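Please treat every number below as a calculation from the coordinates, not as lab data. For clarity, every value in this text was computed on a predicted model and none was experimentally measured. With ideal geometry, Cβ positions are generated from the backbone for all residues, glycine too; neighbour counts draw on all protein chains shown.
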Amino acid sequence: MKIILNGQEKNFATPMTLARLLQEMGLGERRIAIEVNREIIPRSQHGAFELKDNDRVEVVFAIGGGSRQMAVAPGRR
Amino acid sequence: MAVTAETIRSASVDPLIIAGKAYASRLLVGTGKYKDMNETRRAVEASGAQIVTVAIRRTNIGQNPNEANLLDALPQSQYTYLPNTAGCYNAEDAVRTCRLARELLDGHDLVKLEVLGSEKTLYPDIPQTLKAAEILIKDGFKVMVYTNDDPVVAKRFADMGCVAVMPLAAPIGSGLGIRNPYNIRFIVEEATVPILVDAGVGTASDAAVAMELGCDGVLMNTAIAAARNPVLMAQAMRKAVEAGREAYLAGRMPRKLYGSPSSPLGGTIF
């Protein structure tokens, strides 16, 4: 199964839930927010949410920032 | 004005009210561009700010999960977060960023909307900002909007339901100070929501000037973070915003062309 995670292609042998993906990526403990195919998936649904082939997953968190951050908005690169 | 200079000794009688919530500090600070998380925290503490902007970004997959975290350094129990849409160049990205911020911060709905239109000047794209503001307000967000110093545009944002309008004083990160005090003055005179100068402040006197013009607050980041001693500058900014506010409330003396002695002329020995 192929997942586009924060713009990078990742391949997995078996289907998985969103919560499982986060665990695999070492993001299980972090305070984050998730979009799958531009839809926000609330934290309470991560465990039940089954990912599909070619899903585009965006994982974001809060960093220090005022204005003029050079990084792009989620989804653009 | 209900508040007089005599009653303003304690900040608690002259709060900044944004979206129904009172804040003792009229200085809002960004949390970017600091050397490290410790410096960020010390500068924010010295500034006395209660509202801090944060950016929403992709996580680096595989980064150390124990790395110092902004949400730990500046706990949400002590600060009001103002997630911003910095780096967005269209309404759609800005709206997505705000919705992600709301999910990330457990339903938090106060946001700073900023849609840029030029990479060189970092001036806002007003049509895109208007479009994003409309969607966000309809979606229940409380929008503090970054805009240019056009009084007509500022009024439009206030009329559509933004909870604060934040005109630039000069380009973001330029430190050029209040380039068009007359426009800021126009905006303040027409204001129906808090007006905060956002962007362009370079040093403490700039912040004081913004407050003396009657602005309700000042938002800054680079002026503190890029100072040689950010913590000391943060403290200077706190004092400047307080001094400027008190001077505004006190009402300055009229300007005169010629001198006017302040000691009595009677009883001199010559």
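Assorted remarks:
- In this structure, residue B:253 and residue B:60 have a Cβ-Cβ separation that, at R0 = 51 Å, corresponds to a calculated FRET efficiency of about 0.35.
- GluC sites (Glu not before Pro) within segment B:52-143, DSSP loop, no more than 10 other Cβ atoms inside 10 Å: B:67, B:119
- Taking every alpha-carbon pair within chain B, the share separated by more than 26 Å comes to 42 percent.
- Computed over the alpha-carbon pairs of the protein assembly as shown, the distance histogram in 10 Å steps reads 5, 24, 31, 21, 10, 5, 2, 1, 0, 0, 0 percent, short to long.
- If you take all other residues with their beta carbon under 13 Å from the beta carbon of residue B:29, and give Lys and Arg +1 and Asp and Glu -1, the sum is +3.
- Highest-MSF residue in chain B out of B:109, B:139, B:125 [GNM, Cα springs under 10 Å]: B:139
- Relative contact order (%) - chain B, alpha-carbon pairs under 8 angstrom, separation at least six: 18 percent
- Contact order relative to length of segment B:135-270, as percent, for alpha carbon pairs under 8 angstrom and 6 or more apart: 18 percent
- Alpha-carbon Rg with Dmax, taken over segment A:1-42, Å: 10.3, 27
- Mean silhouette area of segment B:170-243, derived from the convex hull of its C-alpha atoms and averaged over all directions, reads 4.4 nm².
- Averaged over the residues of peptide B:48-58, the number of Cβ atoms from other protein chains lying within 10 Å of each residue's Cβ is 6.
- Compared with the dominant principal axis of the Cα atoms in chain B, helix B:151-160 is inclined by about 50°.
- When segment B:217-265 is reduced to its Cα atoms, the Kirkwood hydrodynamic radius in Å: 13.7 Å
- Computed log₁₀ I(q)/I(0) - Debye formula, equal Cα scatterers, no solvent, segment B:110-165, q 0.13, 0.15, 0.19, 0.31 Å⁻¹: -0.27, -0.36, -0.57, -1.35
- Segment B:114-270 has equivalent-ellipsoid semi-axes of 35, 19, 13 Å, by the square roots of 5 times the alpha carbon gyration tensor eigenvalues, sorted largest first.
- Fluctuation leader among B:140, B:200, B:32 - chain B, Gaussian network, Cα springs under 10 angstrom: B:140
- Shielding by partners for peptide B:220-228, expressed as the average number of C-beta atoms from other protein chains within 10 Å of each residue's C-beta, is 2.
- Test item: B:100-106 mean partner chain Cβ contacts at 10 Å: 6
- Exposed loop sites here mean trypsin sites (Lys or Arg not before Pro) with a DSSP loop assignment and at most 10 other beta-carbon atoms within 10 Å; chain B contains its longest site-free run at B:121-227.
- Most mobile listed residue (A:33, A:19, A:62) in chain A, GNM with C-alpha springs under 10 Å: A:62
- Modelled spin labels at residue B:265 and residue B:176, positioned 7 Å past Cα toward Cβ, are 4.6 nm from each other.
- Taking the Cα atoms of chain A, the ratio Rg/Rh between the radius of gyration and the Kirkwood radius comes to 0.98.
- Loop-resident GluC sites (Glu not before Pro) (DSSP state other than H, G, I, E or B) in segment A:1-67 with no more than 15 further Cβ atoms inside 10 Å of their Cβ: A:29.
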